[in-house]
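Nothing in this text is a laboratory measurement; each read-out follows from the coordinates by a stated rule. What you see is a predicted model; the values in this text were computed from it and never measured. Cβ atoms come from the backbone with ideal geometry, glycine included; neighbour counts cover every protein chain shown.
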Amino acid sequence: MSDIPNVVPVPHVHIMLVDDHPLVRDGLRARLETAPHFRVVAEATNGSEALARVQAGGIDLVLMDINMPGGSGLEATGQLHARCPDVAVLVLSMHDKLEYVTQAMAAGARGYVLKDAPGKDIVMAIDTVMAGGIYYSAALAQRLAKPFSGAVDDHGLTTREQEVMRGIAAGNSNKQIARTMELSVRTVETHRLNIKRKLGIEGQAELIRFAVQHAQFDNEA
């Protein structure tokens, strides 16, 4: 699910594929190049190659696998986020354990898509991320919509604010949260501002990462 209600494709997104399996990269390239605004301009087989290529410039978004020889894709995501924060990283993985989602978001990823998701979901994920949103595969988003752990209680969040945080963790927009909670969009926006103030958070991406990290979920596949 996406974090923004309306996604407008960004023209000419320059994409790098990072996966150690050539057949996977070939399949992704074929699928992505059916979208006229996508350009697959680079490939890498591990995180080190990816970091070097991104630092050379010309990359807008990296599709990152997790398990690769020579280092975890999660480690590479953290390095890319630290050195090239303007380049979006979207994790594309076979792993549906929510602990991986948490680690990916903490590392700076802007979304997490399962490899068995429909091709249209990958296109939507890229468009959402490039428009400034956060995207999770639908199956993951449903499992993220769980009550929060007691950690957030220490920050003085009200019950309503915790409900809003649950919606944020699930990747829902303010409009979607408002509909679920039977509130106005303006009220949800106020709750979000209060949450960020209480948590000492400024940016939207940081708020979403916090929400995902503190969601209480079942890690059983």
Q: Kindly express, to the nearest 10 degrees and within the range 0 to 90, the angle between helix 185-199's C-alpha long axis and the longest C-alpha principal axis of the chain.
A: 80
**Q.** Cα lying deepest toward the dipole's positive end in segment 1-132, options G71, A131, A109, charges on Cβ
**A.** A131
Q) Fewest first, what order do M16, M64, M94 take by the number of other Cβ atoms within 10 Å? A) M94, M16, M64
Q) Can you give the angle from 0 to 90° between the axis of helix 204-214 and the longest principal axis of the chain, with both taken from C-alpha atoms, to the nearest 10? A) 80
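Summing -39500 (n - 2.57) over the DSSP H runs of n ≥ 4 in the chain and dividing by its residue number, what mean residue ellipticity at 222 nm do you reach, to the nearest 500 deg cm²/dmol? Intermediate results must be reported in sequence, preceding the final value.
Values: 10 runs with 105 residues, N = 221.
Counting only the DSSP helices, I get -14000 deg cm²/dmol.
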Q: Pairs of lysines 8 or more apart, or on different chains, with alpha carbons under 30 Å: count those in the chain, would you?
A: 15
Q: Rounded to the nearest 0.05, what FRET efficiency do R39 and Q213 give with R0 = 30 Å and r taken as the Cβ-Cβ distance? Could you check?
A: 0.35
**Q.** Using alpha-carbon coordinates, inclination of helix 98-107 to the longest axis of the chain, degrees
**A.** 80
Q | Cα-derived Rg over Rh, computed across segment 13-142 with Rh taken as Kirkwood radius | A | 0.91
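Take each of the peptides 111-117, 187-193, average the number of other beta-carbon atoms within 10 Å over its residues, and list them starting from the highest. Display every interim value, and only then the final one.
Working: 111-117: 20.1, 187-193: 17.9.
The most tightly packed comes first, giving 111-117, 187-193.
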